[in-house]
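Let me begin by presenting the structure, written as structure tokens, before commenting on it.
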Amino acid sequence: MKKILSASVIVFMLFASGFWAKNIYAQDTQSGKTVMNEMLLAYYYPQTDAKSEISMRIVNRQGQVRQRRLTMLRLNQTSGGDQFYYIYFHEPADVKGMSFLVLKHLGRDDDRWMYLPAIDLVKRISSSDKRTSFAGSDFTYEDVSGRALDEDAHELIGEESLGTYSCQVVKSTPKRPGETEFSYRKFWIDKVTHLSLKVEHYDLKGKLYKVYETQEIQTIQGTPTITKAVMKDIENERYTEIAMKNVSYNVGITSDIFQERLLRRPPRQWIGE
């Protein structure tokens, strides 16, 4: 009787521990998605609209530097949902007048266009090109406007400190791996601001090939804002630095400026020169 009882207890314990582990994993997966959603809202959706001036430095392995100066306008239609971006390039001369428009949609592919003044061409950027280089930098088109939360599975894998910041670490794995050049990404997300402080990109063989790092956070109009960051291409030994200046929130940007026809005729009241 004792042997039978002991065996039953063992089976129950094994079942219970498996059930417990399964549910802990489910909780971690759900928590990972929650943490990532908070990060997307904090980074891509703060306040209703935003205007900022961006300086970009692209440095190759020989130390040669290319610079860009641009203005970015953003308008949220809904928090965490549809959203518009308009980006205009001021300098240098070879990219002056180039502009970029994103109409981000919840639940379907975004619409993206790029205007190339040198050949007077408005080019539609297909969904398959969203992971390509943005204006020759180490950032992609998708990095600029964000990747949809449900395109990846998000797992909370731990907590770590980065300097004085306490972070939650999330592993994000594409649900359709054939459509991306990475097998997964790891995010270090600050518990207080919910901003991403570091992102590691791993290629299809599991090798680290690109790293994003936040270098400066400022509180602007009560909103924690990343004002300096760098994206490093490990394999090609190059990197791109960005600095955000004159960031303003809730400035009254309206949806009528986010039109394909205005890529050739930028809204001067927002863009300036």
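No value in this document is a laboratory result; all are computed from the given coordinates. For clarity, every value in this text was computed on a predicted model and none was experimentally measured. We place every Cβ from the backbone using ideal geometry, glycine too, and count neighbours over all the protein chains shown.
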The FRET efficiency for residue 245 and residue 160, from their Cβ-Cβ distance with R0 = 25 Å and rounded to 0.05, is 0.25
Measuring from the longest principal axis of the C-alpha atoms of the chain, the long axis of helix 2-44 (C-alpha) lies at a number of degrees, nearest 10, equal to 10 degrees
Inter-part gap, Cα centre of the stretch 40-59 to Cα centre of the stretch 225-270, in whole angstrom, is 6 Å
Partner lysines whose C-alpha sits under 18 Å from that of residue 210, ignoring same-chain residues fewer than 8 away, are 130, 171, 186, 198, 228, 232
What the 10 Å binned alpha carbon P(r) of the stretch 106-215 shows, as percent of pairs per bin from 0, is 13, 40, 32, 13, 3
Sparse-neighbourhood loop hits (trypsin sites (Lys or Arg not before Pro), the stretch 184-273; DSSP loop; Cβ within 10 Å at most 14 others) -> 191, 205, 207, 264
Spelling it out for residue 140: with amide H atoms placed in the peptide plane at 1.01 Å from N, the residues 5 or more places away or on another chain with amide H under 5 Å from its amide H are 134
Two pseudo-spin positions, 7 Å from Cα along C-beta at residue 57 and at residue 69, lie apart in nanometres by 1.5 nm
The size of the Cβ-based charge dipole (Lys, Arg +1; Asp, Glu -1) of the chain about the Cα centre, to the nearest 20 debye, is 280 debye
Given backbone amide H placed at 1.01 Å from N, residues whose amide H is under 5 Å from that of residue 152, ignoring those fewer than 5 places away on the same chain, are 175
Under 5 Å from the placed amide H of residue 225, counting only residues 5+ away or on other chains, we find 218, 219, 220
Filtering trypsin sites (Lys or Arg not before Pro) in the stretch 139-179 by DSSP loop and by at most 12 other Cβ atoms within 10 Å leaves 175
Quick shape check on the chain: root eigenvalues a ≥ b ≥ c of the Cα gyration tensor, a/c under 1.5 is rounded, otherwise prolate if a/b tops b/c, else oblate, and it reads prolate
